[in-house]
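Here the structure comes first, spelled out in structure tokens, and everything after it is commentary.
The values are calculated or read from the model by the stated rules, or taken from the named source; none is laboratory data. What you are looking at is a predicted structure, and each value in this text was computed from that prediction instead of being measured. Cβ: placed from backbone, ideal geometry, glycine included. Neighbour counts: every protein chain shown. Quick note on the areas: whole protein, heavy atoms, side chains included, nothing else; ligands and nucleic acids left out. Shrake-Rupley method; radii C 1.70, N 1.55, O 1.52, S 1.80 Å.
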Amino acid sequence: MNKNSTNIMALAPKSSNKRDTVCIFGTGDFGRALGHKLIQSGYPVVFGSRSTQTSSLIPKGAEVMSHAEAAQKAAIIFIAIQRQHYNFLTSLAEILHGKVLVDISNNSKINEYPESNAEYLAQLVPGAKVVKAFNTVSAWALQSGTLDASRQVFVCGDDMAAKQLVMDIVRILGLTPLDQGSLLAAREIENYPLQLFPMWKFPILLSLGLTTFFFFYCLALDVIYPYVYQKKDFSFFIAITIPNKICPILALILLGLVYLPGVLAAIIQLYRGTKYRRFPDWLDKWMLCRKQLGLVALAFASVHVLYTLVIPIRSYVRWRTSDRIISQIQNNRTEPLNTTNAWLSDSYLALGILGFFLFVLLGITSLPSVSNNVNWREFRFVQSKLGYLTLILCTAHTLVYGGKWFLVPSSYKWYLPPVYMFSLIIPCSVLVVKFVLIFPCLDKPLTRIRQGWERNPQYSE
Amino acid sequence: MNKNSTNIMALAPKSSNKRDTVCIFGTGDFGRALGHKLIQSGYPVVFGSRSTQTSSLIPKGAEVMSHAEAAQKAAIIFIAIQRQHYNFLTSLAEILHGKVLVDISNNSKINEYPESNAEYLAQLVPGAKVVKAFNTVSAWALQSGTLDASRQVFVCGDDMAAKQLVMDIVRILGLTPLDQGSLLAAREIENYPLQLFPMWKFPILLSLGLTTFFFFYCLALDVIYPYVYQKKDFSFFIAITIPNKICPILALILLGLVYLPGVLAAIIQLYRGTKYRRFPDWLDKWMLCRKQLGLVALAFASVHVLYTLVIPIRSYVRWRTSDRIISQIQNNRTEPLNTTNAWLSDSYLALGILGFFLFVLLGITSLPSVSNNVNWREFRFVQSKLGYLTLILCTAHTLVYGGKWFLVPSSYKWYLPPVYMFSLIIPCSVLVVKFVLIFPCLDKPLTRIRQGWERNPQYSE
Amino acid sequence: MNKNSTNIMALAPKSSNKRDTVCIFGTGDFGRALGHKLIQSGYPVVFGSRSTQTSSLIPKGAEVMSHAEAAQKAAIIFIAIQRQHYNFLTSLAEILHGKVLVDISNNSKINEYPESNAEYLAQLVPGAKVVKAFNTVSAWALQSGTLDASRQVFVCGDDMAAKQLVMDIVRILGLTPLDQGSLLAAREIENYPLQLFPMWKFPILLSLGLTTFFFFYCLALDVIYPYVYQKKDFSFFIAITIPNKICPILALILLGLVYLPGVLAAIIQLYRGTKYRRFPDWLDKWMLCRKQLGLVALAFASVHVLYTLVIPIRSYVRWRTSDRIISQIQNNRTEPLNTTNAWLSDSYLALGILGFFLFVLLGITSLPSVSNNVNWREFRFVQSKLGYLTLILCTAHTLVYGGKWFLVPSSYKWYLPPVYMFSLIIPCSVLVVKFVLIFPCLDKPLTRIRQGWERNPQYSE
């Protein structure tokens, strides 16, 4: 585009008013939507089709002609047909020689074919310059203009100039091209729109597993135990009481797991004395899904907050309150204010509130548009300093809440520890190791090891 | 820009250090702010003005001269004067011939003039290449650099090369140009900054109407009825009790309305047997404002949550609690724990919490920066699968909450049904129809109809 | 890039398949990460290094050679070495003549050296065209592709064509270049990644100061006073009761401070009769950090909401409730429902909820991705109309909450006013002045003064 307008302006000012004709093979949904959008942006559009009769669905201003005729009119041809029908293109090989072919196709399954559609196209028409693009954009979004989901268009191809041409068109259509390299990247690009939250898989599976475990643990101790020994029916604990134990436990464990890999990495680097050897694979993957782990933890924390705030409205709790008051009166026994209890209760609530507040703050700064607007120093400050503060507050919240039960034998029903104790293992370990790592004798060498990495020194030539 | 630097580099490396001079007609706020920004980006700037004396407001480095002189210095001229003063440009027609005129003007009312300002300018100076741009950017934002609101600059014009030139300048200034097509689009672009949430109009008016209706309905049943028959003054219900009935009702109705058009569309497609006929206009419009409907519903749900959580703090509720306990004691009657009640109360709270949590999740994924970072499959998964789950949970929440009152005659005051029953009609209908549509005998043909649309098959040539 | 592909395409179609070679001096972290990314985008990359043996860390496909050799291979050279080692470049001055040198370095302190690194580089190699860029991007983010933080790359330089070249590379790498002008801007660009929330400094320091003051004020009145005069230990008030007084006070004061500068500006403009004289510096700075002030206020308001909702769960509050009920019974005194109290309690809760809801709405619209999607009219509508409504609701919330205590002498312990009264001074003043400014006799001239500014009239030539 740039190129053309430049040349034209210099040589022939009269015709400067035109963009180059674009050809689209195929009059299906995507072909039509793309044609519509291209015409809107000032491109003359011709459709290549088997039947050349114009239907009412073809965008106004576009011409429909045979594939061969259409291909001759343009330097760039969008292949808006399905992979199964690509074969017929071999018969046009001569006409397509030197043209830019844009493969916009998608598959219905990940890795459906041995090679990507774009590479297959390049094999079929060896003389053409194949560029993969537009497959992540939906026809409906293109036509309606409501590009809610991704404005990013991944582009790849072996020919730089062809790729440039396509990227310019992408930009003119109001989308953002992202160069992904050579045509080898086409497979990944074709798999992209078929993915379903790949980074979230591990955190969600992990939390599902933990939820199941803790649910049955709580069920045993809170519902079955009192039923067996006291003949009391607390089955309704399944609705709120038990979830409100599971949620904070999972939130704390997952938050601990967000900071554990960082601590492990520090230990490995200290042990190795260098940062130039790769971490083991599992640690690499773990570090890449820390954000997702943290957000799942935040989800559990939020539900925990709601469950907790709803407590005084619960029918059971209201019954228990009046039952307690009535029994106090009937026994004619008034309790004075227990200041220790008041302190404990208020502290763990306050710690929880502050911890949750910082947690939400972390969540907000991980929104793409917010994190795009801070520099690295600010991002690290929030995610690391505030993150650790959150972990400390939440761990303290749990400790203060349940601390009194550690030494009470009656809380070890069936010789099992109260469930909330499990939640403390990981965060406490992380905090202890992190505390040790802060000591100068460990912090200094670690900082020196990392400086080679943080700034770009290690002028290792 | 591209063009020029290219040529210059090739021909005269010495002068490669210069961008082309830009001319601005008018030294008002926007003209000066633009000049300031252009100079900052390395453009030599000349101002065309009636009085050529430089004031202290003119940005440093800019020259002020007569319109004619200024126009001759540059190939591109920003017309930063009001439409009423455009006439004088006719006298400069000869000098302006072949120049790029950028119309940046706005009107004070939508469709104020028969033709857009840019088209009017093109009529006045037929020899010039008119481009519409920059009208959505505020002078203040341009100057202060705090471009909080839109960085997008809509550009349109009939001359491609001229448009390209302007789009390059937009990009250099750190803004994002969006090509809107030919100068015909100028009207829409000029109307854009005058719009006030056009997509939100229908959802907000609808919810205002429903709010009014339900308010008076509740007022009659909850305040006037007890006053008439029991001489009790419950007027303070207006502050919290009644709003806390209206909010959940509206949230549920609006959430139902988000999914109703999808169900209607499916029925229409099944009936027509094709997806290639347009939906009726009202359905199209309805589908386009689903996001807004959903967000208004979320707003009502959030307020409902706050109103509910605040219940135990209310003076009235605290009085009622102690009144109940005291009367229990005075009657020497202790109620045992009612497990059914505990179950019901805990379930509807738990359902509400989970429903609200998913609802908030839907809201977060509809944030532009989040939805930009998911692919279509993920977006549809969240908005459709999680959306229906939300609808199911919220409907169940309402059913469990009020189910016991369906068959109690005393809840039909003045023969009117309790207000919350109204909220169930739409969501229940949607869920029932959706459930029917899932049956293979309906789902299979529907999927086949839509596949022509989803992927781009229907190689209909 | 554009340029090259253009020329190449026109002249030598065979070689169109290549981008121009890029040279990187230095094989440190950033050099390698950049090389990796450039190779991925199709650039041939050569590294200039002291030792020319290829290590396993060098990205595949890149060549390592001596500085002089590497420099001769490319027109553009990234200087990925630290400022301290720049000196050796003087020996290469001849080879570097006419080349584009990209300075990507950062310092470890703000304003560490008298001149920016890029200007220092330009002095060392006067014949080269120095461009500052990429310093805000981290090596780790570049390599892993997880560009969570800023995708924006600030670019500055004195040579337009060189800058254009670099900006094209930035774009190809999937980042967004922002032209910051001449090399003079390098200092600011180098300081940018070292900044830590500069706009937040004032709001946070201010709120810290106010928090400290109010904490000791409350401590004196709520803990020390009852301890001295009534020998009661309310020290646990420090955890929740006192923070829950400080938070709403600070939220309201800071919210008032968001709207105060606007009111002051109006008064100054009315007094001066023009808007073309600059505001005093402190007012300018104040206006620029209004968004941050508002968000800090929102943070305090959110914490206040959590602290309030948690009230009924507090051990102390539950004790107080049962204590009150028991004493009622023991005194055999049943209180009837106090409708006035019910009204007051419900109103201030309802006002608070609505105020907080609007406040959160304001917060959401200030998210970058949301504010990017609204036009200026909508942005102003939300931030000004809804903002004032929020201020009114929150002020009314406070007034209704504490109104009854104004005239009760016992609330003036130690002759000091109850702490919440402090919070009313600023918001009430703002609202009163704003109300006065709405009167036509003041509003009309003010609008006229501002219109010169709002639209771009004042055709002052």
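Laid out as a table, the results:
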| quantity | calculated |
| --- | --- |
| Distance-filtered residues of the range C:393-431 - backbone nitrogen under 15 Å, label point 7 angstrom along C:Tyr271 Cα→Cβ | none |
| Shielding score for C:187-196, defined as the mean number of other chain Cβ atoms within 10 Å | 2 |
| Of the DSSP H helices in chain C, those whose Cα atoms cover at least 27 Å axially and whose Kyte score averages 1.6 or more | C:420-438 |
| Prolate/oblate/rounded label for chain B (Cα gyration tensor, a/c 1.5) | prolate |
| Sulfur and carbon atoms: percent of accessible area, the range B:22-194 [1.4 Å] | 49 percent |
| Inter-copy spacing of C:Leu416 label points, which lie 7 Å from Cα along Cα→Cβ, given in nm from shortest upward | 5.2, 5.2 |
| Cross-link pairs beyond the 29 Å C-alpha cut-off, checked among B:Lys245/C:Lys385; A:Lys291/C:Lys132; B:Lys245/C:Lys291 | A:Lys291/C:Lys132; B:Lys245/C:Lys291 |
| Other-chain or far-sequence residues with amide H under 5 Å of C:Val131's (modelled H) | C:Leu101, C:Val102, C:Asp103 |
| Shape category assigned to the range A:164-208 from the gyration tensor of Cα positions, a/c cut at 1.5 | prolate |
| Neighbouring partner chain Cβ atoms per residue of C:362-373, average, 10 Å criterion | 6 |
| The protein assembly as shown, accessible area per residue, ligands and nucleic acids excluded (1.4 Å, Å²) | 44 Å² |
| Euclidean distance between Cα centres, the range C:361-417 to the range B:343-379, Å | 28 Å |
| Gyration tensor verdict on the range A:22-194 (Cα atoms; rounded if a/c is under 1.5, prolate if a/b is larger than b/c, oblate otherwise) | rounded |
| With all protein chains modelled, accessible area of B:Asp158 [1.4 Å, Å²] | 80 Å² |
| Residues of type aspartates and glutamates that C:Lys99 reaches as a straight line, Cα spacing below 17 Å, ignoring anything fewer than 8 places off in the same chain | C:Asp20, C:Glu69, C:Glu119, C:Asp158, C:Asp159, C:Asp168 |
| Label point 7 Å beyond Cα along the C-beta direction, distances from B:Val436 to other copies (nm, shortest first) | 6.7, 6.7 |
| Loss of accessible area when C meets B, both sides summed, Å² nearest 100, probe 1.4 Å | 6600 Å² |
| Cross-link partners of B:Lys275 among aspartates and glutamates (Cα-Cα below 14 Å; sequence separation of 8 or more within a chain) | A:Asp29, B:Asp284, B:Glu454 |
| Burial order of peptide ranges A:71-84, B:396-409 (average beta-carbon count within 10 Å, highest first) | A:71-84, B:396-409 |
| Amide proton proximity set for C:Ile24, modelled H, under 5 Å, gap of 5+ | C:Val46, C:Phe47, C:Gly48, C:Phe78 |
| Ranked packing of C:31-44, C:316-329, most packed first, by mean Cβ within 10 Å | C:31-44, C:316-329 |
| Percent antiparallel among DSSP beta bridges (both partners in the protein assembly as shown, rounded to 5) | 10 percent |
| Peptide C:325-332 - average C-beta neighbours from other chains (10 Å radius) | 6 |
| Fraction of accessible area attributable to carbon and sulfur, the range A:310-375 (%, probe 1.4 Å) | 56 percent |
| Label distances, nm, C:Ser182 versus same residue in remaining copies, Cβ-directed 7 Å point | 4.4, 4.4 |
| The protein assembly as shown: mean projected area of Cα convex hull, nm² | 57.6 nm² |
| Euclidean distance between Cα centres, the range B:47-86 to the range A:231-252, Å | 73 Å |
